[in-house]
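A quick write-up on the structure given underneath.
The values are calculated or read from the model by the stated rules, or taken from the named source; none is laboratory data. Predicted model, so just to flag it, every value in this text is computed and none were measured. Cβ placement follows ideal geometry from the backbone for every residue including glycine, while neighbour counts extend to all protein chains displayed.
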Amino acid sequence: MLHAAASTPPATCPRCNGSGWIPVSADSLRVEACACQGDLRRQQRVVAASIPKRYEHCTLETFREKSAVLRNAKTRIQELVDLWPHLSEGRGLLLMGGCGVGKTHLAVAALLEIIRSGKPGRMLFSNFQDLIQEIQASFDNDQVPSKSELLRPLLEVDLLVLDELGSQKPTTFVQDILYYVINTRYNEERATIFTTNYFDRPADVKDETLEQRIGTRLRSRLAEMAERVEFTGATDHRRNTL
Ligand SMILES: [Zn+2]
């Protein structure tokens with residue numbers, strides 16, 4: 001399968017004895033690439049994408065679409081995967097919905113489906129809160145990777161999932177760095193799939209809006225680079241299945 005642990009070296013392939021090549025027929029000198037080479041490459045791409053273990057098995061197939069809202073969201077992800085890598089102006093998606101509706105599942109599924117289908121591009125998963133903490137640490141401590149080392153993959157990957165946008169309120173200073181990352185991706189037409197628990201018009205007026213969580217400048221940039229997909233009225237599947 002795709003999802004061997006990063007630390008496990010691949011076992012020697014019995015078909016090619018690890019050479020990567022197999023004879024076309026027994027009496028022929030001609031060889032062809034063994035299928036394991038594709039598997040190995042896919043495995044390396046999954047590892048490089050930094051997908052958390054919890055979400056390693058999140059495919060479109062395993063997504064349970066129990067309502068029209070969820071069906072629509074799944075379709076939008078499927079469309080992105082089908083179009084990849086030819087998204088119009090690199091437009092991504094902004095998945096907005098409450099906890100446990102499957103936003104992260106779908107965002108990860110996009111990365112895994114693109115890798116599984118052998119389509120090109122560097123994929124990366126990043127959790128917003130972890131990212132903010134890493135950015136902060138890179139300024140507080142000389143021992144951790146420098147800011148540019150930390151940010152480079154976020155700027156350069158072809159498809160980024162930025163999970164749980166707004167889960168932490170960044171300082172103005174971190175907000176500026178985030179804007180730099182997001183705006184660079186926008187200018188380079190590199191697609192991003194965002195997930196967030198916050199809405200533009202929350203059902204409860206006491207709840208904060210996404211804009212209040214991440215700032216006006218970032219919210220308006222998002223509007224230009226990602227289509228909004230709202231999971232309104234979708235129930236928490238984790239709660240339902242317990
Ligand atoms: Zn092989």
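Scanning the stretch 139-176 for residues that are crowded, with 17+ Cβ neighbours inside 10 Å, of a type in the set (A, V, I, L, M, F, W, C) and modelled with pLDDT of 90 or more returns Leu151, Leu154, Val157, Leu159, Leu160, Val161, Leu162, Leu165. If we scan the stretch 26-40, do we find a residue that is part of a strand (DSSP E or B) and modelled with pLDDT of 95 or more? Within the stretch 26-40 (the criterion being part of a strand (DSSP E or B) and modelled with pLDDT of 95 or more), the answer is no, since none of the residues qualifies. Of the helices (runs of 4 or more DSSP H) that lie entirely inside the stretch 202-242, those containing 1 or more residues that are modelled with pLDDT of 90 or more span 210-214, 216-225. If you scan the stretch 138-160, which residues turn out to be touching a Ser or Thr at 6+ places or on another chain (Cβ under 7 Å) and under 27 Å from Gln212 (Cα atoms)? Those that are touching a Ser or Thr at 6+ places or on another chain (Cβ under 7 Å) and under 27 Å from Gln212 (Cα atoms): Ser138, Lys147, Leu150, Leu154, Leu155, Leu160. Note on the stretch 13-45: among residues that are more than 9 Å from the ligand (Cβ to nearest atom) and of a type in the set (Ser, Thr, Tyr), the one that is farthest from Gly118 (Cα to Cα) is Ser28. Kindly establish whether Ser67 is polar (S, T, N, Q), surrounded by 13 or more Cβ atoms within 10 Å (Cβ to Cβ) and more than 16 Å from the ligand (Cβ to nearest atom). So Ser67 fits the description; yes. Here Thr184 clears all of (1) crowded, with 19+ Cβ neighbours inside 10 Å; (2) assigned to a helix (DSSP H, G or I); (3) touching a Leu at 6+ places or on another chain (Cβ under 6 Å) except the condition numbered (1). Might you let me know whether the stretch 161-179 holds any residue that is under 25 Å from Val81 (Cβ atoms), acidic (Asp, Glu) and within 17 Å of the chain's Cα centre (by Cα)? The answer is yes; a qualifying residue exists.
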